[in-house]
């Protein structure tokens with residue numbers, strides 16, 4: 001898990017601060033995200049955020065889970081029905097534990113659709129965004 005509560009200075013430093021299954025999960029998610037679509041990646045709000053026309057998705061390692069979340073994620077439930085909605089911007093997250101099954105193909109499909117929504121609809125955080 002995280003070695004320190006100080007925010008990481010870069011995405012690579014964020015991953016380097018992790019250990020065990022959380023690190024393996026974050027590394028796998030991050031690799032699939034980068035394979036699926038071009039994003040600007042930052043550490044924002046204490047976790048990894050991937051941007052294209054605003055924030056599109058996040059990866060956050062916690063003590064007992066890794067969150068894989070999407071702005072406009074409620075629109076992605078046809079690809080992954082385990083996405084749980086909550087908050088603004090149609091946000092939905094998938095809660096991953098050490099044994100949670102999630103295929104690379106599903107991750108790539110989610111990311112490609114999320115990127116397409118951002119390209120079509122723009123920044124999900126803008127007032128009046130569709």
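The values are calculated or read from the model by the stated rules, or taken from the named source; none is laboratory data. Computed from a predicted model, the values in this text were never measured in an experiment. Quick reminder, even Gly has a Cβ in these numbers, built from the backbone with ideal geometry, and neighbours come from all protein chains shown.
In segment 88-98, which residue that is in a loop (DSSP other than H, G, I, E, B) and closer than 17 Å to residue 27 by Cβ is farthest from the chain's Cα centre (by Cα)? Only one residue tops the list, namely 98. Exactly one residue among 87, 20, 128, 69 is out of contact with any helix residue (DSSP H, G or I) (no Cβ under 9 Å at 6 or more places or on another chain), loosely packed, with under 13 Cβ neighbours inside 10 Å and at pLDDT 95 or above, and that residue is 20. Please verify whether residue 79 is within 22 Å of residue 51 (Cβ to Cβ), in contact (Cβ under 8 Å) with a residue 12 or more places away in the chain and assigned to a loop (DSSP other than H, G, I, E, B), treating the condition exactly as stated. Answer is yes for this residue. Reported count of residues in segment 89-123, each being farther than 24 Å from residue 20 by Cβ and without any contact (Cβ under 8 Å) to a residue 24 or more places away in the chain, is 5.
For segment 42-76, residues that are over 11 Å from residue 111 (Cβ atoms), in contact with a strand residue (DSSP E or B) (Cβ under 7 Å, 6 or more places away or on another chain) and outside any strand (DSSP E or B) total 4.
Apart from one condition, residue 39 fits all of (1) in contact with a strand residue (DSSP E or B) (Cβ under 7 Å, 6 or more places away or on another chain); (2) closer than 22 Å to residue 104 by Cβ; (3) free of Cβ contacts under 8 Å to residues at least 60 places away in the same chain; the exception is (3).
Looking only at residues in segment 29-50 that are more than 10 Å from the chain's Cα centre (by Cα) and buried (at least 16 other Cβ atoms within 10 Å of the Cβ), the one that is farthest from residue 113 (Cα to Cα) is 43. Before we move on, is residue 126 under 14 Å from the mean Cα position of the chain (by Cα), in contact (Cβ under 8 Å) with a residue 40 or more places away in the chain and more than 14 Å from residue 50 (Cβ to Cβ)? No; evaluated as a whole, the condition is false for this residue.
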